[in-house]
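**Q** To start, I am sharing the structure in question, which I have written as structure tokens.
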Amino acid sequence: MNADLGQPITGFALWHLEVPVVSRRDHGVGSVAGACETIVLRLTAEDGTQGFGEAAAWAVFTGSPEASFAALDRYLRPLVVGRPVGHVGAIMAEADRAVAHCTEAKAALETALLDLCGRIAGVPVWALLGGKCRDAIPLSCSLADPDFDADLALVDRLRADGVGTVKLKAGVHGHAFDMMRLERLRQDHPDLAVRVDYNQALGPEDAEARVRDVAALAPDFIEQPVCAGQYALMARLRDAIDVPLLADESVFGPEDMLRAVAEGICDGVSIKIMKAGGLARAQRVAETAADAGLTAYGGDMFETGLAHLAGVHMIAATPAIMLGCEFYQARYYLAEDILDAPFPVRDGAVEVPDAPGLGIAPAPDALARFARHSMAKATA
Ligand SMILES: [Mg+2]
């Protein structure tokens with residue numbers, strides 16, 4: 001293959017997808033049922049090679065899918081079409097200045113650029129991010145179904161598949177329900193690692209008492225009990241409990257991570273390319289956390305296997321992300337994924353692809369079937 005990274009990018013196409021999901025999920029910040037929405041970007045090089053990226057936006061968490069679509073279509077497209085395939089760093093620096101926030105759109109853009117470069121150069125995306133430090137990433141699956149019996153059935157399936165970690169979404173249906181579920185998991189599955197994530201659900205008046213109760217059942221960690229901006233309260237809660245406190249919504253990019261370290265709000269962090277604004281910035285979050293002695297895992301949004309793959313390659317090249325990943329949606333939450341081959345999970349871990357680019361591409365018929373008619377736009 002002629003690895004011509006100087007050839008121009010000639011195609012920029014977008015899809016706004018509605019991908020059906022198998023159940024309702026209630027999180028502290030909001031609920032998802034029926035389908036999740038996400039944006040897919042396809043870049044095409046002059047030689048016809050294609051690269052894909054996903055902007056998985058959740059309106060209550062990072063931003064809206066409409067904003068991601070508009071950021072890509074109106075503000076980022078002009079930075080990309082006609083530019084050399086290999087100019088990833090320059091394009092991403094310009095993207096940061098072209099539109100504020102819209103971190104999911106920037107993650108999609110960087111993913112598609114790296115996928116394109118990797119496919120043309122014949123190397124996997126992890127090789128473009130510093131090289132591989134692991135071949136597999138342990139998988140954790142979140143439990144957020146208001147029907148706990150359904151979640152218990154999911155746990156049985158997860159255990160049969162070798163998954164050894166679950167995360168209980170808490171703070172939505174009352175403290176008693178949370179404690180009952182945690183106690184039941186402890187009793188029925190004593191060797192299962194359990195994490196607890198509040199997604200900002202608790203108020204300052206009851207947060208300390210509730211996290212103390214939960215900490216007494218010794219989960220691996222408690223994540224983001226209170227609002228993203230309540231740094232001082234996060235620091236107090238961290239001091240009040242013996243189990244690690246993790247930040248998610250409080251830390252989007254490297255700048256937040258620096259402040260989180262300075263103010264001592266957490267023992268670890270959930271790292272997501274959709275929060276950080278790309279794969280390289282997510283690596284910077286991880287390195288900043290590690291330099292301060294904090295742990296990290298790779299989180300996801302409501303997304304397809306395409307965004308999972310971007311996270312997999314990022315984590316594969318980031319030693320500081322030690323606590324595995326939560327890329328469970330493609331396998332355990334979507335009614336049908338959009339990839340043209342199964343998202344690679346084996347024995348409870350995600351396998352890191354070694355094929356060029358992301359290793360797997362979306363199936364064109366899936367993009368067509370899940371496209372929202374009113375927003376679907378695919379231009380070559
Ligand atoms: Mg979280």
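The values are calculated or read from the model by the stated rules, or taken from the named source; none is laboratory data. Predicted model, so just to flag it, every value in this text is computed and none were measured. So basically every Cβ, Gly included, is an ideal-geometry build from the backbone, and we count neighbours across all protein chains shown.
**Q** Kindly indicate the residue of the stretch 187-217 that is more than 23 Å from SER250 (Cα to Cα) and of a type in the set (A, V, I, L, M) and also surrounded by the most Cβ atoms within 10 Å (Cβ to Cβ) among those meeting that condition. Step through it out loud before you land on a result.
**A** At the first step, the residues of the stretch 187-217 found to be more than 23 Å from SER250 (Cα to Cα) are 187-193, 216-217.
Of the ones still in play, those that are also of a type in the set (A, V, I, L, M) are 192-193, 216-217.
On the way: LEU192: 15, ALA193: 17, ALA216: 13, LEU217: 14.
Among those that are more than 23 Å from SER250 (Cα to Cα) and of a type in the set (A, V, I, L, M), it is ALA193.
**Q** A follow-up question, please. Against the definition (farther than 25 Å from HIS313 by Cβ, acidic (Asp, Glu) and not assigned by TED's automatic domain parsing to the domain that holds ASP151), how does GLU46 come out, yes or no?
**A** Details: farther than 25 Å from HIS313 by Cβ: no; acidic (Asp, Glu): yes; not assigned by TED's automatic domain parsing to the domain that holds ASP151: yes.
Answer is no for this residue.
**Q** Another question, then. Any idea which of ARG157, ARG195 is of a type in the set (Lys, Arg) and either under 16 Å from ARG24 (Cβ atoms) or away from the ligand (no atom under 16 Å from the Cβ) (or both)? Before the answer, list the steps.
**A** Working: ARG195 fails: either under 16 Å from ARG24 (Cβ atoms) or away from the ligand (no atom under 16 Å from the Cβ) (or both).
Of ARG157, ARG195, the one residue that is of a type in the set (Lys, Arg) and either under 16 Å from ARG24 (Cβ atoms) or away from the ligand (no atom under 16 Å from the Cβ) (or both) is ARG157.
**Q** Would you check which residues across the stretch 158-175 are assigned to a loop (DSSP other than H, G, I, E, B) and more than 16 Å from ALA207 (Cβ to Cβ) and list them?
**A** ASP161, GLY162, VAL163, GLY164, HIS173
**Q** When only residues in the stretch 87-116 that are of a type in the set (D, E, K, R) and out of contact with any strand residue (DSSP E or B) (no Cβ under 9 Å at 6 or more places or on another chain) count, which is surrounded by the fewest Cβ atoms within 10 Å (Cβ to Cβ)?
**A** If we filter the stretch 87-116 for residues that are of a type in the set (D, E, K, R), which is where we start, we get 94, 96-97, 104, 106, 110, 115.
Now narrow it down to the ones that are out of contact with any strand residue (DSSP E or B) (no Cβ under 9 Å at 6 or more places or on another chain): 94, 96-97.
Values: GLU94: 15, ASP96: 14, ARG97: 9.
Per the stated criteria, the residue is ARG97.
**Q** Within the bounds of the stretch 38-55, is there any residue that is buried (at least 19 other Cβ atoms within 10 Å of the Cβ), in contact (Cβ under 8 Å) with a residue 12 or more places away in the chain, not polar (S, T, N, Q) and not in a strand (DSSP E or B)?
**A** No, there is no match, as no residue in the stretch 38-55 is buried (at least 19 other Cβ atoms within 10 Å of the Cβ), in contact (Cβ under 8 Å) with a residue 12 or more places away in the chain, not polar (S, T, N, Q) and not in a strand (DSSP E or B).
This table checks each residue for (1) within 16 Å of the ligand (Cβ to nearest atom); (2) at pLDDT 95 or above; (3) assigned by TED's automatic domain parsing to the domain that holds ALA150; (4) aliphatic (A, V, I, L, M).
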| site | (1), (2), (3), (4) |
| --- | --- |
| ASN199 | yes, yes, yes, no |
| GLY203 | no, yes, yes, no |
| ALA207 | yes, yes, yes, yes |
| PRO219 | yes, yes, yes, no |
| GLN230 | yes, yes, yes, no |
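**Q** In this structure, does ARG184 turn out to be crowded, with 20+ Cβ neighbours inside 10 Å and of a type in the set (Lys, Arg)?
**A** Details: crowded, with 20+ Cβ neighbours inside 10 Å: no; of a type in the set (Lys, Arg): yes.
Answer is no for this residue.
**Q** To continue, here is another question. Would you confirm whether any residue within the stretch 350-363 is closer than 26 Å to ALA144 by Cα, surrounded by fewer than 22 Cβ atoms within 10 Å (Cβ to Cβ) and not basic (Lys, Arg)?
**A** So in the stretch 350-363, the residues closer than 26 Å to ALA144 by Cα come out as 350-351.
Going one step further and asking which of them are surrounded by fewer than 22 Cβ atoms within 10 Å (Cβ to Cβ), we end up with 351.
If we keep only those that are not basic (Lys, Arg) as well, we get 351.
Within the stretch 350-363, one or more residues are closer than 26 Å to ALA144 by Cα, surrounded by fewer than 22 Cβ atoms within 10 Å (Cβ to Cβ) and not basic (Lys, Arg).
**Q** Given the structure, is LEU306 buried (at least 24 other Cβ atoms within 10 Å of the Cβ), closer than 23 Å to GLY53 by Cα and under 17 Å from the mean Cα position of the chain (by Cα)? Outline the logic, then answer.
**A** Working: buried (at least 24 other Cβ atoms within 10 Å of the Cβ): yes; closer than 23 Å to GLY53 by Cα: yes; under 17 Å from the mean Cα position of the chain (by Cα): yes.
Against the criterion (buried (at least 24 other Cβ atoms within 10 Å of the Cβ), closer than 23 Å to GLY53 by Cα and under 17 Å from the mean Cα position of the chain (by Cα)), LEU306 qualifies.
**Q** For the stretch 172-180, does any single residue satisfy the condition of being in contact with a Lys or Arg (Cβ under 6 Å, 6 or more places away or on another chain), charged (D, E, K, R) and within 16 Å of the ligand (Cβ to nearest atom)? Can you show your working first?
**A** If we filter the stretch 172-180 for residues that are in contact with a Lys or Arg (Cβ under 6 Å, 6 or more places away or on another chain), which is where we start, we get 175.
Filter once more, so that each one left must be charged (D, E, K, R): none.
Checking the stretch 172-180: not a single residue is in contact with a Lys or Arg (Cβ under 6 Å, 6 or more places away or on another chain), charged (D, E, K, R) and within 16 Å of the ligand (Cβ to nearest atom).
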